[in-house]
Amino acid sequence: MTTLESVRALLPEVAKRADDVERDRGLPTGLLDQLRAAGCLRMAVPRTHGGSELAMPDVLRVVEALATADGSVAWSIGQVALSQLIIGCAPPVTVAAVYAGGPDVYAAGAVAPKGRATTVDDGWRVSGQWPFVTGCERASWIYLNCVLVSGRTVVMDGERPATRIMLLPVDRVAVVDTWRTLGLRGTGSHDVSVGQVFCPADQALAKGAESAERAATGIAQSSLIIAATAVGIATAALRDVTSLATSGKRPALSATRLQSSLTFQERLGEAQMTLQAARAVVYAQFDDHYTGSRADTDTDGDGDGDGDGALRRARYRAAAAQATAMAAQAVDMAYGLAGGTAIYDGATLQRRMRDVRTATQHFVVGRNSFAAYGALMVGADGGSGA
């Protein structure tokens, strides 16, 4: 079976364990073992190291399917895939070390450069504290983005501080229990801290334009992982409210059942179309005819697509921001249509609302992504969105 087929067979168990995942603020061992057996921990691992090396649209379909059962599980698995994309950009000796025991490696990390890496002999001295490190308690390897420092001076890359992603085994990293949130409680996205830990030179992302391009593209595509999670959550939310209506719910003080209400029918139809539009935006990013991907990478105007891909990466983030916002809108509509039934702890619609609204707060799906994309479209400085 494909990974997606295996995951679809596992969805009833994922849904059954959703309350446990939220209560424990992480994936229970038994469920993680089942996800591993389904292939979820090897989706983005290179085939040369025993992985599945799935194309990004296939990764997104797995994440979306998981989110129909539980948003936290989907988010967690999606972040493992992102971690593997980043690890694949490290020097070959480090990639081989990470996967020496097999491809099913749980990795985690932080893209935001919240720490510093000071140059020392044969590597760097890393320190800092990074938030939002999904699954850090389960991970065996952690990637951390750092601002580079030489002596006491920040190294500059043009007008910006130079950064580099460092890979550390989890025993060199301390978990700081910070993850008490509105939603996505089961992702265990705690802070991690590092105090003057040595990182060998070959445990950082490889230098060079090709490695930097692959890493930047993987990070940009991670925004679509968030969008796919939101789309899956919205799919489940509309399923929940549809089931509520067809089960005979009658709103308070109403002589008409919910499913017979013209207002309900109109709003439900609108929500379903909003969801379909969100899903279309996500997967359209991999349709060359629709997106004009050659133009996205053609920065010198000669039509050969040899540019640095900044516009394409900005487009990924803008698409993720749009799709996530639309999926959240569909969830809000479903939550509103369900009435008082949805407000109780234990109501799946309440959890889906909390999860999707937490997802919308992630910086990579914020509205600044639209500005960055628009700036690059007209040849202006794309700022942080590039």
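Side notes on the structure shown:
- Residue within region 333-354 that is assigned to a helix (DSSP H, G or I), of a type outside the set (Ser, Thr, Tyr), assigned by TED's automatic domain parsing to the domain that holds Gly269 and under 15 Å from Ser223 (Cβ atoms) present: no
- Condition check for Ala107: within 17 Å of Cys40 (Cβ to Cβ), free of Cβ contacts under 8 Å to residues at least 40 places away in the same chain and touching a Ser or Thr at 6+ places or on another chain (Cβ under 6 Å): yes
- Across region 123-161, the qualifying residues are those that are over 20 Å from Leu27 (Cβ atoms) and among the basic types (Lys, Arg), and the one among them that is nearest to the chain's Cα centre (by Cα) is Arg160.
Residue-by-condition table, conditions (1) more than 30 Å from Gly346 (Cα to Cα); (2) aliphatic (A, V, I, L, M):
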residue	(1), (2)
Ser127	yes, no
Pro131	no, no
Ile142	yes, yes
Ser150	yes, no
Asp171	yes, no
Thr178	no, no
Gly195	yes, no
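- Test: residue in region 92-100 that is buried (at least 20 other Cβ atoms within 10 Å of the Cβ) and in contact with a Cys (Cβ under 8 Å, 6 or more places away or on another chain): no
- Pairs, first closer than 21 Å to Gly218 by Cβ and not assigned by TED's automatic domain parsing to the domain that holds Gly195 in region 153-178, second part of a loop (DSSP other than H, G, I, E, B) and of a type in the set (Val, Ile, Thr), C-beta under 8 Å, six or more apart: none
- Sole exception among (1) of a type in the set (S, T, N, Q); (2) under 23 Å from Val95 (Cα atoms); (3) not assigned by TED's automatic domain parsing to the domain that holds Asn368 for Gln221, by number: (3)
The values are calculated or read from the model by the stated rules, or taken from the named source; none is laboratory data. Every value quoted in this text rests on a predicted model; they were computed, and no experiment measured them. Please note: Cβ atoms are built from the backbone with ideal geometry, for glycine as well, and neighbour counts cover all protein chains shown.
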